[in-house]
Amino acid sequence: MEDTDLVILWGSNARETHPIFFHHVLKGVRKGARLYVVDPRRTSSARWADVWLGLDVGSDIALANAIGSEIIAAGLQNRAFIENATSDFGAYREAVQPYTLENAEKLTGVPASVIRELAHAYARADRAQLCWTLGITEHHNAVDNVLALINLALLTGHVGRYGSGVNPLRGQNNVQGGGDMGALPDRLPGFQHVENAELRAKFDKAWNVKVPPKKGLHLSGMFEAMELGKFHALYVIGENPLQSEADQRRCERLLRGLEFLVVQDILLTPTGELAHVVLPAAAGWCESEGTVTSSERRVQRVRKAVDPPVGARDDIEILSDLAGRLGHHWGRLTAEDIWNEVRRLSPVHAGMSYARLEALGGIQWPCYDESHPGELFLHSRLWQRPVVGPRAQFSVVEFEPPVDALDETYPIRLTTGRRLDSFNTGVQTSRYRSPLREPERLDLSPEDGARYGLTEGERVRVSSRRASVEVQVRFDPSLRPGLAFLTIHFQDVVATNLLTIDATDPKSGTAEFKATAIRIDKLAERPGAQGRARLQPAP
Amino acid sequence: MDQRDQKDPWLSHQPRPPVIPTPRGPVPVPPTFPPRRQLSLTVNGRKVSVAEGTTLLEALRGIGIDTPTLCYLETLTPVNVCRICVVEVEGSRTLVPACSRKVEEGMVVKTDTERVRLSRRLVVEFLASSVDVSTSPQIQAYMNRYGARPQRFGPASPPAGHRDAARAGYHEATDGSRAATVGQPVKKDNELYYRDYGKCILCYKCVEACGTDAQNTFAIAVAGHGFEARISTEHAIPLPESACVYCGNCIGVCPTGALMFASEYEMRQSGTWDESRQTQTDTICPYCGVGCTTTLHVQDGKIVKVTSPLDKDVTRGHLCVKGRFGWQFVQIRDPGSERR
Amino acid sequence: MDIHLAKIEPALEEREAVNSVLGAPESGWSGGERRIDLEGHCAFGGHRSQAQRHLLLPVLHAIQSRLGWITPGALNYTCQRLDLPPAEAYAVASFYGLFSLTPRPRRVLHICDDIACMTRGAEELCGRVEQRLGPPSTDTLDGKATWYRSPCLGLCERAPAALISFAGERPCEGVFAPADPNRIIAALQAEGRDAARESPDRFDVKASVPQAGQPGLTLLKRAGRIDAESIDDYRAQGGFETLRRAFSLGRSWVVREVSASGLVGRGGAAFPTGKKWDPANRPVYLVCNADESEPGTFKDRVVMEADPFSVIEAMTIAGYATGCERGYLYLRGEYPLAGERLAHAVTMARQRGFLGDDILGQGVRFDVEIRRGAGAYICGEETALFNSIEGYRGEPRNKPPFPTQFGLFGKPTVVNNVETLINVLLIVEKGGERFATMGTSGSTGPKLFSVSGHVARPGVYEVPFGATLRQLIELAGGVSGSGRLQAVLLGGAAGTFVSPGELDTPLTFEGTRAIGAVLGSGAVVLFDDTVDLRKVLLRIAAFFRDESCGQCVPCRVGTVRQEELLQRLARGRPIGSTEEELNLLKEIAQAMRDASICGLGQTASSAVESALRRWRLFPPGA
């Protein structure tokens, strides 16, 4: 990130959500890299940018395809790379052709000249990084959004080289590690597909059980299954779905409808309050041993620094005991024992002994054996001639507006996000006294504030097609009319996710947190307030 | 597949399996630069060879010569302002700061001459006579090492309340009977840390960490002029009104305890701070996916402060407000403690 | 940048002051009117907006001269315009003595109480003013005005000196020298916006250049003989002919001749100009250091006031010879008349094609921008000067790297003092070899001396290198005051004292070195035997304590400890014995000399030490 010529942050406010990563971006910027930020809001990250492209919420594919189209029209695509390492370029070229700069301006709001500038700068840069976060993935077409960006990297060859690449920034300290370990519906540890008989056999043998041959459900799928009455028991470890999932009302109804809900967590979360059984757990990062994997695939050690409170137990201990009750006696396992099992079964982790993790301060997978240094970036194979392994495929993706459409009744686009000093649903961060924290409020453009006759600090009712919440308003000049912003940090106070839609991406199961249609109504005067007529709801 | 199967979440949605794990390609390496020229220099009569671009400080440390530093930190751009690392270089009219001076071919360096010792001693005396160094073990060690006697300059003047308003280029008349100091009231304007600028040696580290070398927030800078130069927000406004984002990186680099975590400050005030009873454990921050190493300082089973090691490429000693301060939640889970 | 601004809406006056330098804002995102319909989907910033930082100092000047102080609203708006963190802007503003960050009356009087003015009644003047206006730094005249004691204002030949500045819609500044309390207070009270503009003293060649009109002058040949505001007059006296000659003989010829001339820098450090001009360095910027602030020094001011076009012509030749296309002239903030005349000279030179993209139709590109300092002696140090131009605090950088490699904006830079540059005109006219025949073998060419203090005809004198101190004093009409010379301070506050027994020392670099003195900037301040030299030393010590930028420990604290120690000695209240104190003083001096970053700290004890070597000012037991 520090040795690159151009950085695009797309749907990412890394300044606040990945502050230390942003240090590295700024090191690059100080060395001369140009920074482009694509975000509906002019965020604190966007304010560092050479150019901010404030697209309309959910128009990412239109913008990406227009950039691709312009690069091809200007003949700036990396022909050698495309020929050597990719497939389906023809279909892509054809598909993006209608996304002219002018059309994209209409779909995204971003002036054609600015789109053109980004297209040319990205294509001409010697080295370029394309990073994204939830602004890309919390949409009903999340995977398509990602594919649209990957297309751009393939088009220009900005992938698999030092200083060039695509970077999805992970939101949690071990969300990558969860995937590594097989906490995906279709994968076993090390990303080995569960429906691949040969791979499965390895696990069957090692574990002396029959691993079910069919992939499982992702979270949104589970809720769908609950809705269909096909899903009866849920074991939640370290999640707070009641507050983190879109359309909270539905979520609560479904969780309450379960026959058996187990929650294992370090704190009694609102989800835990619904549970039949709560298993108090030790905090993974400071009360137990183990590893986590960061956004850059770096496996690093977490260590026990303090004892958990009385009654809270290490996750390994809880799971081992549970297994014992179910008839599988694993004995007393240490974190390292389990890790060594991972190394035996997952080739990409094979070389990462605790000793090496300690000595090297972490290793980036893949690391195939104990002489392997780990890999700084992936996809270097695409630059081999001929390419090693399968070619990287261009994907045809089309722009689709957000599911929750704006209309006269719900004219404002609400998008959600995070602030620097808080984290997700605030289970952990609400416990420290951050001087930055203000009461949760709905951010509105000053123009909308005036249009609805609001004053700053006034409480309003925010309604979506699903529910209403009351919240104070704040005027934020980084927003334009028709765009509003709420965080998800204070669900107890402002249950943002009552408003959001559960339209989920069919491929990844991510809900469209980023695009909700809302209306804003002034609250009725309190009894006792004099001289003012009851205000009618705003149009 | 009939309609019902389409609806069955177990069977619907078959994305094409991505290529993970990716087939093995060549192991990527950062681009290599042409090997650097070796330069030779003489240190205290001994021939030494180092790579071009090495600073004198690195060269000296490389051969085990312990060179004192205060304003230098591996992770920050050398500002060479404290001048305690000065050494003698043949041909140079003045002493040169080892921290920033690059080695040149044929340099002849002396590190322990009377001239060097005098400047180092005076630097320590200047600091100890004008600043409260009671929470800086480093400066106290240097005082012993160089035989500093700051009391030679007379008794310290009492703290002044108006340093923030000092006008550049002017000072109050002195009769010389008391040694001017930077003594002033402690600033406490937020829950997370204290600023006791009566302990500030103006090493610029906090400004660098808040600015271009890490955080790029620029909430503080060196304001004013001369002896009245000071670390300040604009118009000396309290931190909560300033740009401060409470990353605490300034505290992480402060060598004198002028900037201190509220937890540490308050324990010191109440006499319960005891480093001999503390352990330090490296782990990974529980928040976002960047993977910052945090060092938990634990006393009596409680986290008392969080720092970050300098030698990790990801953090280089720097954290954000969540990693630095957002650890309380693990400690308020004792049985019976209320939720939220 | 994600700067954090205060929620202050700038007042019209504040906005106008800032816009007078920056122009109207381009975008609603940078302080302009919000046009969300046009700009709601894109914004530009980053490297482009960061590149404006160098405009900070001019903007601060504009605010100060419009409002009388740097108001929070104006500073906040400046930050919004320049994409600059407020703490940084505040840090820069609070560095400079001429700026006020707290409310201050719009009329400000500075009275010099420095060493040269001390000899000519500065204390009495301050006393009289204090009687009428109250103590310094307090509001007076019904809150309309305030006054300060000031370090040397560079008007030593007309001491005692005062500087007056009126902020407002039509700001103005002027000097009074010699200052009469009635006259300056009348000016401070004057009604009508032009009152102050008319009353101050303008340049008076007889008072400043006693040799004016004499044959044989080279650097001062035009002083008093031309209208300093007329380019036609300048051209009629051969102006810009030297530039033509330089063009016709070529760049490398000029560089070669400058090397051959043996010219060394006249600012104080005496570095060979030819080496600075080495084309191998590929310099990008040419900087003329006109931040003449050394107490007792005023020669550059006189040159700029008497013959401003020559400075511009010399810079253009230097720019041409070294291949720089951009020149900066950094002028001391306390020199309003020089600033006015230079600005006029630049405008006229541009109009006539002596500056610009195609000078004299020769395809040579060069232009000059004038930057004003704001009351910081340290900015005369070349790297501090670069930082100041760039919009940072005027803190010196560690050297190496030297300006020839890493100078202004990080680019290779040629930096020369005013006097050095006008010598180049002479070299181009005569050729380097002939120039080298003037003066001595170690110090070639003519030299300007600023002679002040107890001397009959103070002023700037031009003599060839090699003249003795005695000859210079005689040229200036001999010792005045009591008529009995006690001491001469050579080179200003950073210089050295010499005694009457050393008057036959030739005023050359090598000659002064031989007696353990320095020539420095060429300041020569005479003290008769009625002067209490201890007071002079205390004034010098106070000067360095004020002017230390505060960056490095030896200078920041050393200058304080030096002043405290001298105060104790002067009051006869040493800690321990006087001898112990004198030893401690030596240690302080050595640490400052050895370990300070720049010349300021390195020379902050030089005058004090030289005096103590020559006289027993603090006898033991006294």
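Each reported figure results from applying straightforward, stated rules to the coordinates on display, with no laboratory input. Everything numeric here is computed off the predicted structure, so don't read it as measured data. Note that we place each Cβ from the backbone using ideal geometry, even for glycine, and neighbour counts take in every protein chain shown.
If eta is 0.890 mPa s and T is 25 °C, what Stokes-Einstein diffusion coefficient results for the range C:269-318, Kirkwood Rh from Cα pairs, in µm²/s?
Numbers: Rh = 12.7 Å.
Estimated diffusion coefficient is 192 µm²/s.
Among C:263, C:94, A:499, which residue has its Cα furthest toward the positive end of the charge dipole of the protein assembly as shown, with +1 on Lys/Arg Cβ and -1 on Asp/Glu Cβ?
Result: C:263, furthest along the dipole toward the positive end.
Out of all DSSP beta bridges in the range A:6-169, what portion is antiparallel? Express it as a percent rounded to 5.
5 percent
Given a Förster distance of 60 Å, report the FRET efficiency between residue B:302 and residue A:102 from their Cβ-Cβ distance, rounded to the nearest 0.05. Each step should come with its number before you reach the end.
Working: r = 62 Å, r/R0 = 1.04.
The computed FRET efficiency comes out at 0.45.
What shape does the range A:133-183 take by its C-alpha gyration tensor, where a ≥ b ≥ c are the square roots of the eigenvalues and a/c under 1.5 counts as rounded, a/b above b/c as prolate, and the rest as oblate?
oblate
Report the label-to-label distance for residue B:110 and residue A:492 in nanometres (one decimal), using points 7 Å from each Cα along the Cα→Cβ vector.
6.9 nm
Averaging over every viewing direction, what projected area does the convex hull of the Cα atoms of the range C:533-614 cover, in nm²?
On the way: hull surface 18.9 nm².
With every direction weighted equally, the projected area is 4.7 nm².
Sum -39500 (n - 2.57) across every DSSP H segment of at least 4 residues in chain A, then divide by the residue count to get the 222 nm mean residue ellipticity, nearest 500. Mind showing how you got there, number by number?
Values: 20 runs with 167 residues, N = 539.
Helix contribution divided over all residues of chain A: -8500 deg cm²/dmol.
In the P(r) worked out for the range A:175-364, what percent of Cα pairs fall beyond 24 Å? Spell out each step's value before the answer.
Numbers: 8537 of 17955 pairs.
Value for the range A:175-364: 48 percent of Cα pairs lie more than 24 Å apart.
Multiply the residue separation of residue C:232 and residue C:52 by 0.36 nm, subtract the distance between their alpha-carbon atoms, and state the gained length in nm to one decimal. Walk me through the numbers on the way to the answer.
Working: separation 180, 0.36 × 180 = 64.80 nm, distance 3.59 nm.
61.2 nm is the gain from fully extending residue C:232 to residue C:52.
Please give the calculated 222 nm ellipticity per residue for chain C, where each DSSP H segment of at least 4 residues contributes -39500 (n - 2.57) and the sum is spread over every residue; nearest 500 deg cm²/dmol? It would help to have the intermediate numbers written out before the result.
Details: 28 runs with 258 residues, N = 622.
Helix-only estimate at 222 nm: -12000 deg cm²/dmol.
Can you give the three extents of the C-alpha atoms in the range B:182-331 along their principal axes, from longest to shortest, in whole Å?
Per principal axis, max minus min of the Cα coordinates gives 43, 36, 26 Å.
Treating the beta-carbon of each Lys and Arg as +1 and of each Asp and Glu as -1, no other charges, what is the dipole magnitude of the range C:533-614 about its Cα centre, to the nearest 20 debye? Please report the intermediate quantities before stating the final value.
Working: 13 positive and 10 negative charges, 63 e Å.
With only Lys, Arg, Asp and Glu charged at Cβ, the dipole is about 300 debye.
Run the simple label-point estimate for residue A:323 and residue A:405 please: 7 Å along Cα→C-beta, distance reported in nm.
It works out to 5.2 nm between the two label points.
Mind grabbing the base-10 log of I(q)/I(0) for the range C:1-141 at q = 0.11, 0.12, 0.14, 0.21 Å⁻¹? Debye formula, identical points on the C-alpha positions, no solvent, two decimal places.
Ignoring solvent entirely, the Cα scatterers give -0.52, -0.58, -0.72, -1.23.
At 7 Å along Cα-to-Cβ for each site, give me the label-to-label distance between residue C:214 and residue C:282 in nm.
4.8 nm
Cα to Cα, under 25 Å, and not fewer than 8 places away if on the same chain: which lysines meet these conditions relative to residue C:206?
Candidates past the 8-residue exclusion: C:221, C:299, C:447.
Enumerate the residues in the range C:476-498 having an amide nitrogen under 13 Å from the point lying 7 Å beyond the Cα of residue C:124 toward its Cβ.
Hits in the range C:476-498 for residue C:124 at 13 Å: C:481-482.
Hey, what D do you get for the range C:402-500 in µm²/s if you plug the Kirkwood alpha-carbon radius into Stokes-Einstein at 37 °C and 0.692 mPa s?
Numbers: Rh = 15.9 Å.
After rounding, the answer is 206 µm²/s.
Could you work out the local net charge near residue C:19, counting Lys and Arg as +1, Asp and Glu as -1, over the other residues with Cβ closer than 13 Å to its Cβ?
Details: positive: C:15, C:66, C:81; negative: C:13, C:14, C:16, C:26, C:33.
Combined, the nearby Lys, Arg, Asp and Glu give -2.
List the pair-distance distribution P(r) of chain A, using every Cα-Cα distance, as the percent of pairs falling in each 10 Å bin from 0 up to the bin containing the longest distance, rounded to whole percents.
Per 10 Å bin, starting at zero, the Cα-Cα P(r) for chain A comes out as 3, 16, 26, 27, 19, 7, 2, 0, 0 percent.
At q = 0.12, 0.20, 0.21 Å⁻¹, what log₁₀ I(q)/I(0) does the range C:99-194 have when each alpha carbon counts as one equal point scatterer in the Debye sum?
-0.33, -0.93, -1.02
What Kirkwood hydrodynamic radius do you get for the protein assembly as shown when you take the inverse of the mean 1/r over all pairs of distinct Cα atoms, in Å? Can you show the working numbers first?
Working: mean 1/r = 0.0278 Å⁻¹.
Result for the protein assembly as shown stands at 36.0 Å.
By how many nm would the segment from residue C:138 to residue C:437 grow when fully extended, if each residue of separation counts as 0.36 nm and the alpha-carbon distance is taken off? The partial results should precede the final answer.
On the way: separation 299, 0.36 × 299 = 107.64 nm, distance 5.56 nm.
Here the segment from residue C:138 to residue C:437 would lengthen by 102.1 nm.
In percent, how large is the relative contact order of the range A:412-522, given Cα pairs closer than 8 Å and 6 or more residues apart?
Working: 221 pairs, mean separation 42.2, N = 111.
The value is 38 percent.
At what distance in angstrom do the alpha carbon centres of the range A:280-321 and the range B:289-338 lie from each other?
Each part reduced to its Cα centre gives a spacing of 14 Å.
Counting Lys and Arg as +1 and Asp and Glu as -1, each charge on the Cβ, what is the dipole of the range A:413-510 about the Cα centre in debye, to the nearest 20? Walk me through the numbers before you get to the answer.
On the way: 15 positive and 13 negative charges, 35 e Å.
The dipole magnitude comes to about 160 debye.
Test of understanding: extend the Cα→C-beta vector of residue C:271 to 7 Å, then name every residue of the range C:570-602 with backbone N under 18 Å from that spot.
C:596-602
Rounding to the nearest 10 and keeping the result within 0 to 90°, find how far the Cα-based axis of helix B:114-130 lies from the longest principal axis of chain B.
Taking the Cα atoms of chain B, the angle to B:114-130 is about 70 degrees.
In a GNM of chain B with a 10 Å cut-off on Cα contacts, which of B:83, B:268, B:117 has the highest mean-square fluctuation?
Among B:83, B:268, B:117, the largest mean-square fluctuation in the Gaussian network model of chain B belongs to B:268.
For q values of 0.06, 0.09, 0.11, 0.12 Å⁻¹, compute log₁₀ I(q)/I(0) with the Debye formula on a Cα-only model of chain C, without solvent.
Log10 I(q)/I(0), no solvent term: -0.31, -0.73, -1.11, -1.32.
Looking at the P(r) of chain B, how many percent of alpha-carbon pairs lie beyond 25 Å? List each step's numbers first, then the result.
Details: 36817 of 57630 pairs.
Of all Cα-Cα distances in chain B, 64 percent exceed 25 Å.
Suppose a student asked you for the relative contact order of the range B:123-186, using Cα pairs under 8 Å spaced at least 6 residues apart; what percent would you report?
Values: 65 pairs, mean separation 26.3, N = 64.
Worked out over the range B:123-186, it gives 41 percent.
Gain in length, residue C:11 to residue C:37, computed as 0.36 nm per residue apart minus the alpha-carbon separation, to one decimal in nm? Before the final figure, lay out the partial values.
Working: separation 26, 0.36 × 26 = 9.36 nm, distance 2.53 nm.
Going from the current span to full extension adds 6.8 nm.
Can you tell me the FRET efficiency between residue B:40 and residue C:470 if r is taken as the Cβ-Cβ distance and R0 is 51 Å, rounded to the nearest 0.05?
Numbers: r = 52 Å, r/R0 = 1.02.
That gives a FRET efficiency of 0.50.
Can you put A:276, C:454 in order, fewest other beta carbons within 10 Å first?
Working: A:276 12, C:454 26.
Result, fewest neighbours first: A:276, C:454.
Viscosity 0.890 mPa s, temperature 25 °C: Stokes-Einstein D of the range C:290-349 from its Kirkwood Cα radius, in µm² per second? Don't skip to the end; give the middle numbers.
Details: Rh = 12.0 Å.
Estimated diffusion coefficient is 205 µm²/s.
Can you bin every Cα-Cα distance in the range C:446-528 into 10 Å intervals starting at zero and give me the percent of pairs per bin, rounded to whole numbers?
Percent of pairs per bin, in order: 21, 61, 18, 0.
Mind giving me the FRET efficiency for residue B:151 and residue B:77? R0 is 41 Å, r the Cβ-Cβ distance, nearest 0.05 is fine.
On the way: r = 35 Å, r/R0 = 0.85.
The pair residue B:151/residue B:77 has a calculated efficiency of 0.70.
Let me check I've understood the local charge: for residue C:470, count other residues with C-beta under 11 angstrom from its C-beta, Lys and Arg +1, Asp and Glu -1. What total comes out? Intermediate results must be reported in sequence, preceding the final value.
Values: positive: none; negative: C:474, C:502, C:504.
Charge balance near residue C:470 sits at -3.
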